[in-house]
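The values are calculated or read from the model by the stated rules, or taken from the named source; none is laboratory data. In this text, all values refer to a predicted model and were calculated from it rather than measured experimentally. No Cβ is skipped: glycine too gets one built from the backbone with ideal geometry, and neighbour counts run over all protein chains shown. Side chains are part of the model used for accessible areas, which takes the heavy atoms of the whole protein and leaves out ligands, DNA and RNA. Shrake-Rupley method; radii C 1.70, N 1.55, O 1.52, S 1.80 Å.
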Amino acid sequence: QVQLVESGGGLVQPGGSLRLSCAASRIIFSINYMGWYRQAPGKQRELVASITTGGSTNYADSVKGRFTISSDNGKKMVYLQMNILKPEDTAVYYCNVGASIPTVGFQNYWGQGTQVTVSS
């Protein structure tokens, strides 16, 4: 079953902006982590940005100063604002959510990915 729903990907010119959204409303357990990963063709999946329920954020060096991650814990939403996009940002972007499940423990949930293409 699809637990996360991603939106906001598309085609944009270099220097443009996109905002990705991830809805985790189907996850009924306590969420303690939200993040965005990306994977370009022929490359490994890498962490782009993450945020904890306490508001602590982490960014890949390649996106610092250009991308901003934010969340709405009440709505179980996570966003990635991407500015000054570069061709090297082209990749499939995946939403990742971590939750604590009673009697089971910590479990990761992944979105199906949304394509971001930066090209002239």
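The test for being open to solvent by less than 70 Å² (accessible area, probe 1.4 Å) and either closer than 14 Å to residue 116 by Cβ or in contact (Cβ under 8 Å) with a residue 40 or more places away in the chain (or both) does not hold for residue 47. Determine, yes or no, whether residue 62 is open to solvent by less than 70 Å² (accessible area, probe 1.4 Å), modelled with pLDDT under 95 and farther than 20 Å from residue 7 by Cα. No. Out of 100, 30, 17, one residue alone is at pLDDT 95 or above and among the small types (Gly, Ala, Ser). It is 17. Please indicate, with yes or no, whether at least one residue in segment 76-84 is exposed (fewer than 13 other Cβ atoms within 10 Å of the Cβ), of a type in the set (D, E, K, R) and either in contact (Cβ under 8 Å) with a residue 40 or more places away in the chain or more than 15 Å from residue 9 (Cα to Cα) (or both). The answer is no; no qualifying residue exists. Residue pairs whose Cβ atoms lie under 8 Å apart, sitting 6 or more positions apart in sequence or on different chains, and linking a residue in segment 1-22 that is under 16 Å from residue 36 (Cβ atoms) and of a type in the set (Val, Ile, Thr) to a partner that is assigned to a loop (DSSP other than H, G, I, E, B) and open to solvent by less than 30 Å² (accessible area, probe 1.4 Å), are 5/111.
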